[in-house]
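*Asks:* I have a structure I would like to understand better, so I am pasting it below and will then ask my questions one at a time.
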Amino acid sequence: MQGLYYPDGSFRDEAEIKRELSLKELNEQPQQPRYDTPIPDIQDFRYWSRRLRQRAEQSREVDEAVKFAHITLPSRPCLVSLVGDWHVGDSTVEQQRIEDEITIIKETPFSYAGGMGDMANHMFWNPSQAYDESSPFPDQVRFVQEVFRYLNDGNNPNKLLFAVVGNHDDKWAKKTGMSLYHNFTRDYGAYLFRGPSMLELQLGEENYRGIVSHQFLGNSIYNPNHPQTRAIRDNGLALDIDFIFSGHTHRKGVQQQNYGNGRRGKRIVSGNIGTYKHTDSYGEDKGFFPATDEEMYGLSFIYLPKPRYIIPFDDIMVAHQIFREHFLEI
């Protein structure tokens, strides 16, 4: 065998040496390929920053939800009712009560409504609670959307002023790709809120300013209006608003509270709507007693153009009876 012996006693044959020399010679020759077709530019972080800003702006452009809305009502006493936490589709929902309230709102002059979220139940994310539902989510959606359409049909005075998205009918519903509020403003002409949002109601020279949200932080067994009170304290709203409304906790309550700083004061009306279902498997498992009629349903408020005052009611049907008899004389 021909080859080379090295001082350390190792041996390399001739063929191996020739392969190594040939490889070295090949590696020394130009090998870089030429990319004749232009390669796309590699974008730096400034490009991606600009793109992210543009996409964020485009996303906000198509989001129907707003954080502020000013609505001018007729310059006379007006009744505004808050409906929500219907949980339509659950087997214990008082469906007739919903129909009665919506009908009287529509048929009463100068009566208006605001939706407070969780209009549909939509328990797909919790299969054990889904057994409580007597109707599938598409039917729940269709019913609520038809209520919106009935209130703002375009043929008679529109009655629906706004709607606040809830957990069940928007946040969780989006997991199936079906939000109850898709195209809400375009279809019904009312404002859509998500989270704490400011609402101004103008009656003549009086401008009532308030905050509405499906939910605020906190809950208390002693005060159903604790979430609104906490929101006022946490956000320094005591001298800036006239009303604050929410729901979510299923604990109905309404109160008037006075705030002051030694120089000026403010009366704030707080409202927390009740639910429209008596119970469900979650409440039963947790040991909650079924809700009674007095604990359930929405709230109503008469706004006066003069004097500046909000009259609260914890019953929508009673509020309409009094409003029709004493303010409309019908």
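The values are calculated or read from the model by the stated rules, or taken from the named source; none is laboratory data. Quick caveat, the model's predicted, so the values are computed rather than measured. Backbone-built Cβ (ideal geometry, glycine too); neighbour counts: all protein chains shown. Each accessible area value is taken on the protein alone, full model and side chains, heavy atoms only, with ligands, DNA and RNA left out. Shrake-Rupley method; radii C 1.70, N 1.55, O 1.52, S 1.80 Å.
*Asks:* Roughly how many debye, to the nearest 20, is the charge dipole of the chain about its Cα centre, given +1 on each Lys and Arg Cβ, -1 on each Asp and Glu Cβ, and no other charges?
*Replies:* The dipole magnitude comes to about 1420 debye.
*Asks:* Over the chain, how many pairs of lysines fall under 18 Å by alpha carbon, counting only those 8 or more apart in sequence or from different chains?
*Replies:* Here the count comes out as 5.
*Asks:* With every protein chain kept in place and ligands, DNA and RNA left out, what is the accessible area per residue of the chain? Probe 1.4 Å, answer in Å².
*Replies:* Heavy-atom SASA per residue in the chain reads 57 Å².
*Asks:* I've got another one for you. Tell me the carbon and sulfur percent of the accessible area for the chain, rounded to whole percent, probe radius 1.4 Å.
*Replies:* Carbon and sulfur: 51 percent of the exposed surface of the chain.
*Asks:* Can you list the chymotrypsin sites (Phe, Trp or Tyr not before Pro) in the stretch 13-119 that are in a DSSP coil and have 12 or fewer other beta carbons within 10 angstrom?
*Replies:* Filter output for the stretch 13-119: Y35.
*Asks:* Rounded to the nearest 500, what is the 222 nm mean residue ellipticity of the chain from helices alone, with -39500 (n - 2.57) per DSSP H run of 4+ residues and division by all residues?
*Replies:* Value at 222 nm, helices only: -8000 deg cm²/dmol.
*Asks:* Among Q2, S197, A291, pick out the residue whose Cα is farthest towards the positive end of the charge dipole of the chain, where Lys and Arg carry +1 and Asp and Glu carry -1 on C-beta, about the Cα centre.
*Replies:* Going by the Cα projections, it comes out as S197.
*Asks:* On to the next question. Using the Karplus equation 6.51 cos²θ - 1.76 cosθ + 1.60 (θ = phi - 60°), what ³J(HN,Hα) coupling, rounded to whole Hz, does each residue of the stretch 98-112 give in order, writing x for Gly and Pro?
*Replies:* Result, ordered by residue: 4, 4, 5, 5, 4, 5, 6, 4, 5, 8, 9, x, 6, 10, 9 Hz.
*Asks:* When the convex hull of the Cα atoms of the stretch 1-95 is projected onto a plane and the area is averaged over all directions, what value comes out in nm²?
*Replies:* 23.3 nm²
*Asks:* Could you compute the FRET efficiency for L328 and K175, with r as their C-beta to C-beta distance and R0 at 45 Å, rounded to 0.05?
*Replies:* 0.50
*Asks:* Here is a follow-up. Determine the distance separating the Cα centre of the stretch 193-245 from the Cα centre of the stretch 1-36; give it in Å without decimals.
*Replies:* If you average the Cα positions of each part, the centres end up 83 Å apart.
*Asks:* Still on this structure, I have one more. As an exercise, identify the GluC sites (Glu not before Pro) in the stretch 222-330 lying in DSSP coil whose Cβ has no more than 11 other Cβ atoms within 10 Å. Before the final figure, lay out the partial values.
*Replies:* Working: sites: E284, E294, E295, E325, E329; in loops: E329.
Within the stretch 222-330, the qualifying GluC sites (Glu not before Pro) (loop, at most 11 other Cβ atoms within 10 Å) are E329.
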